[in-house]
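Structure record follows, encoded as structure tokens.
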Amino acid sequence: MKLDALLLAPPAEVARRAEELAATGVDGLFTFEGPHDVFLPLALAAATGCDLYTNLAIAFPRSPMHLAHLAWDLGAQSGGRFALGLGTQIQAHVERRYGATWSSPVARMAEWIAAIRAIGARWQDGEPLAFEGKHTRHTLMTPAFDPGPLPTGPPPIWLGALGPKMVALATAEADGLLIHPFTSDRHLLAVTRPRIVEGRHAADRPADDLTVVGQAIVACTSDPAKQADLDLAARWMIGFYGSTPAYAAVLETEGRGHLHPELRRLSREGRWDEMAALVDDDLLDAVVVRGDPAAVATRLRDRYDGFADRVAMSTPGGIADEDLAALVTEVHA
């Protein structure tokens, strides 16, 4: 099982931070759609030798052609170590933050995947570009805009999926599936894993034909005095995710479904600190993988070993490089 770390730093510090993370022994680096661009840091991290992926790039504000060019260039720069991780986000962010349009997210995502693949087939194998869908259309590719084939082939497309319809799409059409970091052991066993297995069976795909990226919110430190601060940051993240209707199912699995309406109300009022205070210790333990490197490694293996190919760690309170290196050693052992 491979272990991946979040690459997050101001643009001027990204290259140095990528080298520092690579030195801990992590297998991969990923970015998310946060305060900085999701693609640029990976271009600066290509020299590290780590696997690279977006986790996630929001698909709909970008055309499939934009995404195809970005993925192609990062695939070339990294020597084939880049995967294009895509997600939908929620309607409010797509429309009000990105100024893009929202409609039929599952059907639209299916077209984005198919369109990116059609563009890649044109560049890689010279096939005519003739993709015409309901939501996007790509029928023109002249030599001036064709980057040519990649020695390693088109970059794989991984899809962030949570609900049954998106999981079914990911298991049928994507090269990989990114499990959402807001989860628990119980929710994984009762809902997510059976849903993925069912989707693979329905698509008649063997397990090794779909890359599964497990994710976890991690609060890891070898210094007990710092654990409370990391836990607080994790509580804030649970409150943030728990306020979103799409993620309420995790709270319901943990017997905390009643928290969602209150968290949603507080988020609309911008009362973020009060949201974190609603996350009790039992919910924190159920969702967050926490403790020293040895304890975190054991919990990650218990949660994902034998099912996920790699694990992406979301560390809202940060993690010291020495603790990350110790965690990597424990997981690899």
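The values are calculated or read from the model by the stated rules, or taken from the named source; none is laboratory data. Predicted, not measured: the structure shown is a model, and the values here were computed from it. As a convention, Cβ positions derive from the backbone with ideal geometry for all residues, glycine included, and neighbour counts pool all protein chains shown. To get the accessible areas, we keep the full protein, side chains included, count just its heavy atoms, and leave off ligands, DNA and RNA. Shrake-Rupley method; radii C 1.70, N 1.55, O 1.52, S 1.80 Å.
Taking the DSSP bridge list for the chain and keeping only pairs wholly inside it, about 5 percent are antiparallel. For a label point 7 angstrom out from the Cα of HIS135 toward its Cβ, which stretches of the range 32-64 have the backbone nitrogen within less than 16 Å? Correct set: 57-64.
Across the range 222-275, the mean sequence separation of Cα contacts (distance under 8 Å, 6 or more residues apart), normalised by length, yields a relative contact order of 34 percent. When the charge dipole of the range 185-252 is built from unit charges on Cβ atoms (+1 for Lys and Arg, -1 for Asp and Glu) and taken about the Cα centre, the candidate among GLY242, LEU188, LEU210 whose Cα reaches farthest toward its positive end is GLY242. Once the chain from SER63 to ASP281 is taken as fully extended at 0.36 nm per residue, the excess over their C-alpha distance is 74.2 nm. For the chain, the longest principal axis of the Cα atoms and the long axis of helix 193-203 meet at an angle of about 20 degrees. When the helices of the chain are scored as -39500 (n - 2.57) per DSSP H run of n ≥ 4 and the total is divided over every residue, the value at 222 nm lands at -12500 deg cm²/dmol.
What residues from the range 243-269 fall in the zone where the backbone N is under 15 Å from a label point 7 Å along the Cα-to-C-beta line of ASP302? Zone members listed by number: none at all. Extension gain, ARG264 to THR142, is 39.0 nm, computed as 0.36 nm per intervening residue step minus the present C-alpha separation. The residues of the chain expose, per residue, 44 Å² of accessible area to a 1.4 Å probe.
Taking the 1.4 Å solvent-accessible surface of the chain as the whole, the part contributed by carbon and sulfur is 53%. Compared with the dominant Cα axis of the chain, that is its longest principal axis, helix 321-332 is turned about 80°.
Per residue, the average separation of C-alpha pairs within less than 8 Å and at least 6 apart gives the chain a relative contact order of 18 percent. For GLU274 and ALA207, the difference between the fully extended length at 0.36 nm per residue and the C-alpha to C-alpha distance is 19.9 nm. Relative to the longest principal axis of the Cα atoms of the chain, helix 14-23 runs at roughly 70 degrees.
Taking a straight line from the alpha carbon of LYS134, these lysines sit under 27 Å away, with near neighbours fewer than eight places off in the same chain left out: LYS165.
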